[in-house]
Amino acid sequence: MWTALATPLSVAIGEYFAYYDPQSDPERLEYHRDLAAHVYTAGHWFGQLVAALLGVWWVARSGAYRPATVLRAAATGAVLGLGTGAVAIAAGIRPMRANGYPSVAPDPTMLSDPAVRWCLLASLACFPLWTLIGAAITRLVRRGALLAVVAAILCQPVTLIFTVGVVAPPSSHSMAVATVADAGPTALLMPAILLAWAAVATGTATVVSRRRAGRPAEDPASPPEPPPDSPALP
């Protein structure tokens, strides 16, 4: 799975973004905490992209944007998030014991650290939200699933600065993780912004779906009406 393959990369990224040049034990502990936040979110960014594409697939497969389809899509995204999170944790325990500063941490795995848990929870909450956005995009785009896939990819940008998340919905990109690693419950601001995006996208897609469903279908067997200025046929 991509999560296990991404773990070594997440270790390298976590060491790069972690506390710079730690000297004291508290600083080393902060370094180890930052490293854990990246290691345990390994594969999340790509996983959230897959979640968005699953939303595209659900609507394209059903051919309609119904509440049941949207709920199935969200449930699929949640299951994907839980699976990705479980694999990331299982693959990350050993690197956490071998890298960073495990000797200064009461729990070398850092799984009991509240800041790491909040960061992990915030990232996992983004999975079903991205599925909802992917499903809404598919309904709003009228030229097939391929264009919806492209739109879903473009709507999950690499968030370089977390504070611009209102413009660019945040994901678990390494910079976003580094920003929320020590935020505690405030880390939930990340999925809160994405929730607002998902609510707007879902509401818009619902309105568009109802309007399109309410339009009368044209009868292909009936001839077109002549223009007003043309003479009537005998």
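The values are calculated or read from the model by the stated rules, or taken from the named source; none is laboratory data. These numbers were taken from a predicted model, which means no experiment stands behind them. For neighbour counting, all protein chains shown are included, and Cβ atoms are generated from backbone atoms with ideal geometry for every residue, glycine included. Just so you know, the surface numbers come from the protein's heavy atoms only, side chains and all, with ligands and any DNA or RNA stripped out. Shrake-Rupley method; radii C 1.70, N 1.55, O 1.52, S 1.80 Å.
Could you tally the net charge around L35, taking each other residue with its Cβ under 14 Å from the Cβ of L35, Lys/Arg +1 and Asp/Glu -1? Before the final figure, lay out the partial values.
Details: positive: R28, R33, R94, R97; negative: E15, E27, E30, D34, D107, D113, D182.
Taking every Cβ under 14 Å from that of L35, the sum is -3.
If packing is taken as the average count of other Cβ atoms within 10 Å, what order do 124-137, 78-91, 198-211 fall into, highest mean first?
124-137, 78-91, 198-211
In Å², what does the accessible area per residue of the range 1-213 work out to with a 1.4 Å probe? Working shown, then result.
Values: 10150 Å² over 213 residues.
Averaged over the residues of the range 1-213, the accessible area is 48 Å².
Which order do Y31, Y101, Y20 take when ranked by solvent-accessible area (1.4 Å probe, heavy atoms of all protein chains), largest first? Write out the running numbers ahead of the final one.
On the way: Y31 30, Y101 70, Y20 195 Å².
In descending accessible area the options line up as Y20, Y101, Y31.
Determine Rg/Rh for the range 1-213; Rg is computed over alpha-carbon atoms and Rh is the Kirkwood hydrodynamic estimate from the same atoms.
In the range 1-213, Rg relative to Rh is 1.04.
Got a number for carbon plus sulfur as a percent of the range 1-213's accessible area, 1.4 Å probe?
68
With the crude spin-label approximation of a point 7 Å out along Cα→Cβ, what separation in nm comes out for R211 versus L5?
4.2
Per residue of the range 69-84, what does 6.51 cos²θ - 1.76 cosθ + 1.60 with θ = phi - 60° give for ³J(HN,Hα)? Whole Hz please, x for Gly and Pro, Karplus curve as stated.
Result, rounded to whole Hz: 5, 5, 5, 4, 4, 5, 5, 5, x, 5, 5, 4, x, 5, x, 5.
Through the Karplus equation 6.51 cos²θ - 1.76 cosθ + 1.60, θ set to phi - 60°, convert the phi angles of the range 3-18 into ³J(HN,Hα) values in whole Hz; use x for Gly and Pro.
Each residue's phi maps through the Karplus curve to give 5, 5, 5, 7, 4, x, 5, 5, 4, 5, 5, x, 5, 6, 8, 5 Hz.
Taking the Cβ of C119 as the centre, find all other residues whose Cβ is under 15 Å away and add up their charges (Lys, Arg: +1; Asp, Glu: -1).
Residues close to C119 contribute a combined charge of -2.
Spelling out what I want: for every residue of the range 177-185, take phi, set θ = phi - 60°, compute 6.51 cos²θ - 1.76 cosθ + 1.60 (Karplus), and round to whole Hz; glycine and proline get x.
So the Karplus estimates, Gly and Pro as x, are 4, 4, 6, 9, 4, 10, 7, x, x Hz.
Rank these residues by their accessible area, most exposed first, probe 1.4 Å: D182, D34.
D182, D34
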